[in-house]
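Below is one structure, written out as structure tokens; comments come after it.
The values are calculated or read from the model by the stated rules, or taken from the named source; none is laboratory data. These numbers come from a predicted model, not from an experiment. Cβ: placed from backbone, ideal geometry, glycine included. Neighbour counts: every protein chain shown. We work out accessible area using only protein heavy atoms, side chains counted, and drop any ligands, DNA or RNA first. Shrake-Rupley method; radii C 1.70, N 1.55, O 1.52, S 1.80 Å.
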Amino acid sequence: MLGFDILPMSKPNSEQSIRISAFLQLEDGTQKQWVNISRHKLLQIIHKYKPRIVGTDNVQEILLRNESMARFHRKLPTNTNIAQANITRTGKPIEIKSLFKRYNIKSNGKASPLETARGIVELINKDIGMIIDVYEDETLVKISQPRRTSKGGWSQSRYERQNEEVVLHAVDKVQDKLRLNDVIFDANIAKTKYGAKNAVFHTFLPREKILKIFKGVNLKPAKVKFISPARRTPKLKPLNSDINIKHVSYQRRIIVGIDPGTTVGGAVMDLRGKVLGTFSRREMTKAEIIYEVTDYGIPVAFCSDVSPIPNLVSKLAATFDAELYSPKVLLSKVDKRDLTKDYPDLRNNHEMDALSAAIKAYNLLKPKLDKVESSHLKNHEKDIAKALVIRGMTVADAIDAAKTREKRESSEQEKPITQESDINQALQNRIDNLLKYLAQSESTLGYLRGKIGELENSLETQQSINFRLVKKIDDLRDANILKALKDDLVSEKIREINSLRKLLAQKNQREQNMKSLITELRKSLWISLQEGKYPIKILSKFSANEIAKLERDYSIKEGDILLILDSSGGGRLTAIQLAEYKPRIVFLNMDNLSPEAQSVFSNYEIPIISAEGYNIQILDTIALIHPDDLNRSINNYNRIHQKKKIQEQRSKLMGAINDYRYERSRFFSSIQRDYDDHETENEV
């Protein structure tokens with residue numbers, strides 16, 4: 001509990017000009033006090049310790065100039081209430097000194113502001129005073145676009161579509177969460193082709209309960225606000241659950257039409273078809289509608305122009321135990337204008353919709369209500385009979401019930417029933433008594449509703465206590481969960497840091513290699529420019545991986561000169577991979593190239609020359625060769641290649657000659673054998 005009192009001569013000009021004495025008593029009995037602090041400092045203390053009750057003897061003293069009670073209350077923590085210790089349950093203020101004296105609260109003469117603050121805490125601990133409730137027990141969940149759109153370029157339409165999709169996604173999540181927790185709500189969604197521009201959900205629960213439901217729910221990047229509408233007149237609530245509700249006054253019966261939405265419209269008719277009034281206002285709460293309606297009388301029917309009936313209309317009907325009416329076929333705009341053409345003073349379409357719904361319901365009930373109106377009942381009896389008809393009773397029974405309500409019970413003693421007429425008379429008396437009881441029960445519905453309200457307030461107080469206890473349990477559980485999540489998060493971040501360090505080391509190594517490579521290239525370029533030498537790209541090993549690495553680092557191009565340090569291991573496919581780059585010449589540091597690879601290079605007409613005997617200068621990853629050595633190597637290759645071609649041609653020619661000689665010898669051998677056989681035959 002925290003109590004405060006304003007120091008004398010304080011002015012409501014700014015946060016610093018209001019000077020305050022405050023006294024705080026924590027749940028463990030610890031006490032703290034501040035003699036002279038500003039209003040800003042007081043709010044800091046309240047947010048630090050989050051007391052359940054902040055008490056004073058005059059709440060108006062803490063307000064700045066032109067500041068409302070609701071605006072000040074929004075600066076307090078969610079579960080902190082403001083109480084005034086010197087207000088009774090009838091709403092009448094009492095001098096604080098009298099309360100100190102009545103409850104034996106010590107003060108030396110005229111109490112100082114600090115002593116007054118301490119005494120206020122003692123009074124609140126004894127359940128003296130009233131809580132000032134400035135908010136309705138309803139919450140508006142407003143969803144809007146994450147950023148405003150304005151005139152833009154080509155991307156303007158895309159930005160608008162993205163914002164509308166974001167709003168629709170948040171709307172779906174809010175709807176699912178409310179339905180999962182069985183929260184009754186009315187939704188007003190401005191849908192578009194690609195999503196929604198904005199949405200308002202009207203729930204019938206206090207803001208702290210809605211915030212608890214949406215705790216941990218991520219609705220970003222949409223803008224979401226949870227707003228509890230302020231009461232037109234702050235409500236006084238007792239500090240404990242001992243509540244006495246004043247008996248309601250019974251008035252005329254009325255039919256109410258309601259058009260819910262962002263702007264709520266309403267219309268009120270009596271049971272004779274006379275329009276008593278219409279009203280409309282933006283974001284009206286359920287309580288504000290009740291205040292507006294009960295100024296005209298007791299509702300016996302609530303009407304809507306749409307089907308199914310909205311939740312707000314159903315809850316209003318449940319509050320008054322009233323009947324619900326909606327058209328079986330939706331009313332068109334033309335139908336609504338025809339129904340309300342005799343009422344030109346309607347300010348907007350919302351009032352027209354509400355009035356058309358009320359008139360439609362009245363026209364449906366009119367034949368039965370006219371029969372009651374034509375009876376010989378008194379005016380107040382007719383209202384009772386009509387209310388009974390609306391609740392489902394027949395016209396005859398409703399008229400009989402209204403008549404018997406005024407009759408006094410017969411004081412005559414019951415006589416023995418001996419004849420049939422006496423039996424009939426007894427049954428008739430019994431029926432009359434039942435009808436009288438029915439009519440009286442309809443008249444006392446307001447009293448029963450008052451009792452229900454008393455129980456609901458008691459339940460609300462108990463739920464508030466349970467909510468605080470559950471919150472403490474949740475805080476303890478959340479602390480353990482938060483510690484476990486924190487440990488997991490730290491471990492995960494350490495793993496990520498180690499992984500990033502490894503990647504950074506690899507990147508630094510790669511960067512160092514590239515710097516060395518650039519240095520070598522600059523050196524080789526300088527030498528080649530100074531001495532006129534040609535650069536040679538070095539392939540450390542004749543393999544597919546080394547060819548890919550050389551391509552990645554130096555980019556092999558057509559006409560390049562290559563040097564293979566180790567030519568073993570590579571086969572036909574490796575030779576094809578290298579030959580497709582079409583190098584000008586390939587030097588071999590070791591002459592151990594496979595025959596398959598030699599054949600491939602020969603087919604591609606790529607010179608393969610041993611590096612031995614040529615002045616090739618190797619600079620780590622780059623080599624240089626003098627133009628004379630390069631020309632000599634090419635000439636040697638051409639001479640050897642030409643000699644080899646001549647040898648191959650000579651071998652082919654000698655092979656052809658030998659084949660010809662062999663075939664001729666075979667031919668002449670066969671001729672000689674035939675001649676010898678012929679000579680032998682002649683001799684015989």
Task: Mean accessible surface per residue for region 133-228, computed with a 1.4 Å probe while every protein chain stays in place, in Å² - done: 58 Å²
TODO: Grab the beta carbon distance between Lys541 and Lys220, set R0 = 56 Å, and tell me the FRET efficiency rounded to 0.05.
DONE: 0.50
- [ ] Using only the Cα atoms of region 462-513, build the gyration tensor, take square roots of its eigenvalues as a ≥ b ≥ c, and label the shape rounded, prolate or oblate: rounded if a/c is under 1.5, else prolate if a/b is larger than b/c, else oblate.
- [x] prolate
Open item on the list: Calculate the FRET efficiency for Gln33 and Asp176 from the Cβ-Cβ distance with a Förster distance of 41 Å, rounded to the nearest 0.05.
Closed with: 0.25
Open item on the list: Suppose R0 equals 30 Å. What FRET efficiency, 1/(1 + (r/R0)^6) with r the Cβ-Cβ distance, do His626 and Met590 give to the nearest 0.05?
Closed with: 0.85
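For region 1-73, which whole percent of the accessible surface, found with a 1.4 angstrom probe, sits on carbon and sulfur atoms? Each step should come with its number before you reach the end.
Numbers: 1820 of 3780 Å².
Roughly 48 percent, rounded to a whole number.
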- [ ] Work out, step by step, the length gained on full extension between Ser669 and Leu63: first 0.36 nm times the residue separation, then minus their alpha carbon distance; give nm to one decimal.
- [x] 204.2 nm
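Based on the mean of other beta carbon atoms within 10 Å per residue, what is the order of 488-495, 382-389, 546-553, most packed first?
On the way: 488-495: 10.1, 382-389: 24.8, 546-553: 15.1.
Order by mean packing, descending: 382-389, 546-553, 488-495.
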Task: P(r) weight above 19 Å for region 4-97, C-alpha pairs, percent - done: 42 percent
Task: Radius 11 Å from Cβ of Val313, net charge of other residues (Lys, Arg +1; Asp, Glu -1) - done: -1
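Stretch Leu330-Leu489 to full length: gain in nm at 0.36 nm per residue minus the Cα-Cα span?
Between Leu330 and Leu489, full extension yields 51.6 nm more.
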TODO: Along Cα→Cβ, 7 Å out, is where each label goes; now give me the distance between the ones at Ala505 and Glu165 in nm to one decimal.
DONE: 4.2 nm
Open item on the list: For q values of 0.19 Å⁻¹, compute log₁₀ I(q)/I(0) with the Debye formula on a Cα-only model of region 220-349, without solvent.
Closed with: -1.22
Task: Distance from region 591-663 to region 330-350 (C-alpha centre basis), Å - done: 105 Å
TODO: Mind putting a number on the dipole of region 550-684 about its Cα centre? Charges go on the C-beta only, +1 for Lys and Arg and -1 for Asp and Glu, and I need it in Debye to the nearest 20.
DONE: 560 debye
- [ ] Pop a pseudo-label 7 angstrom from the Cα along the beta-carbon direction at both Arg74 and Ala287 and give the gap in nm to one decimal.
- [x] 1.7 nm
Open item on the list: Expected output is a single nm value to one decimal: the length gained when fully extending between Asn348 and Asp370, i.e. 0.36 nm times separation in residues minus the C-alpha distance. What is it?
Closed with: 4.8 nm
Task: Carbon plus sulfur fraction of accessible area for region 264-402, probe 1.4 Å, in percent - done: 50 percent
Task: Pair Ala548, Arg232: separation of 7 Å Cα→Cβ label points (nm) - done: 8.0 nm
